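Okay, so here's the structure we're looking at.
Since every read-out is calculated from the coordinates, none of them should be taken as a lab result. The structure presented is a predicted model; accordingly, all values stated were derived computationally and were not measured. Because the Cβ atoms are built from the backbone with ideal geometry, glycine has one as well, and the counts that use them run over all protein chains shown.
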Amino acid sequence: MKLVLLPGMDGTGILFGPLLANIQGIEAIVLPLPNEGAQDYKSLAECILTRLPDEDFILVAESFSGGIAALLSQLAVPHLKGIIFVASFLSAPKKLLAHFASLLPIRQLAHLPLSGIVYRLLFLGKGAGNKEIELFKTVIDAVPTRALQLRLKVIAQTKYDGFKSSVPAVYIGAAHDMLVNPQKRLEFVQAYSDITFAQLDGPHFILQAKAKEGATAIIEAVRLLAGKVA
């Protein structure tokens, strides 16, 4: 069963590097998000739809990309056998924070002296080393500021509209997620008739902070979802 990974708000997929190094025995591809054009979930879902594999696959949607996966799960997407949501949401997790961040000069903030502290607090956890912080900054630099700001506005405006889907799903949450309230998982219970929950001990960017544990959780989720269609 092939894995198709959709990245978080940066959209590059670069941050999946450590995770992919720990996934063995499963073919995995990353579909970066487009940096140009509209960044709303409908437009992004339409773009991703044209790039999905022509064989059975499971979608892994990290954080921001959960909204893309949610739209795809409402369509008759050929070969989609399941979705693994990671630290994701169906409605704005921290609406005011996302709106405020969309107004800030993101690239300049990434290089302020105290930016490392903010990254550890909100994204990567207090155990993140300088290597992880520098990679995070490099990724931010690789994305146009306009694309990041548009995605932040999308997050702030996202609402769960009550849709229902029968696509089997697994939700992997982060125990110390400072951006997504655990109560947001209740919306996944409403949306997906077949959903299983798992949790890892770590921050919002759990697949980066705990790459080995994240890979293990994803492999277990793949086995669970593949068993449903065997």
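Largest first, the extents of the alpha carbon coordinates of the stretch 154-199 on the three principal axes equal 29, 27, 14 Å. Computed on the Cα atoms alone, the convex hull of the stretch 43-83 gives a volume of 62 cubic angstrom per residue. Were the residues from ARG223 through ARG146 laid out at 0.36 nm apart, the gain over their Cα-Cα distance would be 23.9 nm.
Looking at the stretch 183-230 from every direction and averaging, what is the projected area of its Cα convex hull in nm²?
Details: hull surface 15.6 nm².
Convex hull of Cα atoms, orientation-averaged projection: 3.9 nm².
Which pairs break 20 Å Cα to Cα here: LYS131/LYS210; LYS81/LYS159; LYS137/LYS210; LYS159/LYS210? Pairs exceeding 20 Å: LYS81/LYS159; LYS159/LYS210. Could you list the residues of the stretch 48-71 with an amide nitrogen less than 20 Å from a label point located 7 Å from the Cα of SER166 in the Cα-to-C-beta direction? Correct set: 56-59, 70-71.
Can you give the direction-averaged projected area of the convex hull of the alpha-carbon atoms in the stretch 1-80, in nm²? Spell out each step's value before the answer.
Working: hull surface 19.9 nm².
Value for the stretch 1-80: 5.0 nm².
Each principal axis of the stretch 148-230 carries a Cα extent, and these read 40, 32, 22 Å when sorted largest first.
If r is the Cβ-Cβ distance from LYS159 to ASN181 and R0 is 22 Å, what FRET efficiency results, to the nearest 0.05? Show your work: numbers first, answer last.
Details: r = 15 Å, r/R0 = 0.68.
Computed FRET efficiency for LYS159 and ASN181: 0.90.
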